[in-house]
Amino acid sequence: MKLLLGHWKTKGGYAVSKDKNLVLLTSALYTNYGIYKTEERIQQTLDTAKSARKYIPNSIIVLVDNSKVDVQQDDSDEINELIDSVDYYIDNSDDGDIKLFHETCDNYDVGKNVMEALGIFKTLNHIKSDKDMLKELNNVKRVFKLSGRYQVTEKFNIANWDHAGKWVFKKAQPGWINPEVSKTTTLLQTRLWSFDPSLIDETIKIYDNIIKTMIELTGIGGYIDNEHAWSRFVPKDKLVELETVGLQGNIAPNGMMIID
């Protein structure tokens, strides 16, 4: 698989102290997957960014968008407001791997999960290779992954995430994929989780394993999502699990409300 970098559109300055938090806000504003129209996705993702600003202290927000190429033709006020609301913007719409899944994958679950993993994998690698973003990374306390269209709530407590050298997730739940396929009996919700910046190399390696496993299983008629894959690959001695993370929103397949 040839991995191509997306566009890095810098908007912000440098962090100045370890009280800042880097937030990777993932989205697919233009997509064939899910029940929500593009206009709804843009507004919901803008609400996500605003909630991160409100509840995640001193947040530096990186919008990682895995849209179809259509997003590059959108110069609407709504899109511009969203981009203005974040500090950095990565547009992966002309990334060869992302385009491949948009154009050839009709399975919502497979497409969504692989593209999300690819988007974060490439973003983390880009952060390591970009001198400006590496300065940001070296001056933040935590890196958060936050799914677009969901909102951080007043139940979010930054103190609960303060675990040096650890990944922090919502408490593991029973898995639903056949463990003979997934190699795990549990799943870890990936709508909101975080890691210590010192774990960036290990996080990249985990995503490399996740992507390879997803593609391998899909090729033989199997399936694994990000939630089961993270449960499978994360080192348990470096995992902290929370009862409540402070997140709510509507899932894309059917609009059902979730509260974490």
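Derivation of every value follows stated rules applied to the coordinates shown; laboratory data play no part. These numbers were taken from a predicted model, which means no experiment stands behind them. Methodologically, a virtual Cβ is constructed for each residue, glycine included, from the backbone with ideal geometry; neighbour enumeration extends over all protein chains shown.
Would you work out the relative contact order for region 7-259, in percent, from Cα pairs under 8 angstrom that are 6 or more residues apart?
In percent, rounded to a whole number, it is 24.
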With only Lys, Arg, Asp and Glu charged, each at its Cβ (+1 for the first two, -1 for the last two), find how big the charge dipole of the chain is about the Cα centre; round to the nearest 20 debye. 900 debye
Residue of Asn226, Asn66, Asn138 that the Gaussian network model of the chain assigns the largest fluctuation, springs spanning Cα pairs under 10 Å: Asn138
Using modelled backbone amide H atoms (1.01 Å from N, in-plane), which distant-in-sequence or interchain residues come within less than 5 Å of Thr186's amide H? Gly175
222 nm [θ] for the chain, helices only, -39500 (n - 2.57) per DSSP H run of 4+, per residue, to 500? -11500 deg cm²/dmol
Starting from 0.36 nm per residue, how many nanometres of slack lie between Leu100 and Lys183 once their C-alpha separation is accounted for? 27.1 nm
In which sequence would Tyr89, Tyr207 go, from the one with the fewest C-beta neighbours within 10 Å to the one with the most? Tyr89, Tyr207
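Pull out the extension gain between Lys37 and Ala164, defined as 0.36 nm times the separation in residues minus the alpha carbon to alpha carbon distance; nm, one decimal.
41.8 nm
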Residue among Leu22, Leu242, Leu192 with the largest mean-square fluctuation in a Gaussian network model of the chain, springs linking Cα atoms under 10 Å: Leu242
Expressed to two decimals, the chain has a Cα Rg over Rh, using the Kirkwood radius, of 0.93
Cα-Cα longer than 26 Å, checked against Lys68/Lys171; Lys99/Lys236; Lys141/Lys183; Lys135/Lys212; Lys128/Lys155; Lys205/Lys236, kept in input order, equals Lys68/Lys171; Lys99/Lys236; Lys141/Lys183; Lys135/Lys212; Lys128/Lys155
Roughly speaking, what is the stretch gain from Lys236 to Asp201, that is 0.36 nm per residue apart minus the C-alpha to C-alpha distance, in nm to one decimal? 10.9 nm
Non-local residues with an amide H under 5 Å from the amide H of Arg142, with H modelled 1.01 Å from N and Pro and chain starts lacking one, are Leu22
